[in-house]
Amino acid sequence: MTSEVDRERNRLLQEIRVEAWDTRDYTGRTAFDQRMMDALHGVPRHEFVEGDSLHRAYANHPLPIGHGQTISQPYIVALMTDLIQPEPDDVVLEIGTGSGYQAAVLSRLVKYIYSIEIVAELAREAGARLRRLGYDNVEVRNGNGRLGWPLHAPYDAILVTAAASRIPPALVAQLKPGARLVIPVGHPHDAQELVVVEKREDGSVDQKPVLPVAFVPLTGSSAD
């Protein structure tokens, strides 16, 4: 018998399919990779929200998680994940762990994820949550995401879940040639675009705007 949670997950995936079709003129995608959609379906989003937001866990919109941060809209999680073109042997850097939801989805698709969260309490809670739920290929630390995580670079992909006024040079430097960085670019309460940055072999980059978005700002200075 299909549980209520299963029905909610299936409804959410159908809404994401519809939104992918509706935004095809922006993204160039009429549908998302099925492997990614299966990963999204397999993550219990209700484990990544709490309190007054729990009953809306499978709604296709962002939800507050405290500290002025949000858990991203599932459609945006799906799009950003699809845009980095994840492969099973990839090592990915995530900037902005939040509640750990995006990392949980990615963990089903790649080898390992290093995730940085600037809010210490969120980093601690997300790390504990991911361990409790069995996502053992994710490492979370508290830190300034603008600086990346040089120790484990270069990365097969980098995903940023907060908007920067410009693309942090440290992140481009930590990206493998031929790999992709997906990041919202723009100012708070102003126009923002989701941008795909692809690094060429010579270290230069191609930038392609994909979709108008609205994200919380990427905080932290460009140097500690």
Could you check what % of the DSSP bridge pairs in the chain are antiparallel, to the nearest 5?
45
Report the Cα-based extents of region 49-173 along its three principal axes, largest first, to the nearest Å.
40, 29, 25
Sorted by chain and then number, the residues having a modelled amide H within less than 5 Å of the amide H of Gln192, at least 5 places away or on another chain, are Val213
Region 149-219 versus region 2-80: alpha-carbon centroid distance in Å:
22
DSSP beta bridge pairing in region 18-148, given as percent antiparallel to the nearest 5
25
Amide H contacts under 5 Å for Leu218, restricted to residues at least 5 apart in sequence or on another chain and with H modeled in the peptide plane, are Ala163, Ala164
Using just the helices of the chain, give the 222 nm mean residue ellipticity in deg cm²/dmol: DSSP H runs with n ≥ 4 each add -39,500 (n - 2.57), and the total is spread over all residues, rounded to 500.
-8500 deg cm²/dmol
Taking a cut-off of 20 Å, what percent of all Cα-Cα pairs in region 146-224 are separated by more than that?
29
Run the paramagnetic zone check for Asp38: 7 angstrom along Cα to Cβ, then residues of region 93-125 with backbone nitrogen under 16 Å.
105-111
Proxy exposure order for Ser72, Ser204 (fewest C-beta within 10 Å first) is Ser204, Ser72
When the expected Rg is taken as 2.2 N^0.38 Å, what fraction or multiple of it is the alpha-carbon Rg of region 7-49?
1.24
Using θ = phi - 60° and the Karplus curve 6.51 cos²θ - 1.76 cosθ + 1.60, what whole-Hz ³J(HN,Hα) does each residue of region 55-61 get, with Gly and Pro shown as x?
6, 10, 4, 9, 6, 8, 7
If the chain between Asp206 and Arg124 were fully stretched, how many nm would it gain, using 0.36 nm times the residue separation less the Cα-Cα distance?
26.0 nm
Counting every Cα pair in the chain, what percent are over 30 Å apart?
16
When each pair of different Cα atoms in region 125-188 is counted once in the 1/r mean, what is the Kirkwood radius in angstroms, to one decimal?
13.1
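No value in this document is a laboratory result; all are computed from the given coordinates. Since the structure is predicted, the reported quantities are computational estimates derived from the model, not experimental observations. Don't worry about glycine lacking a Cβ; one is built from the backbone with ideal geometry, like all the others, and counts go over all protein chains shown.
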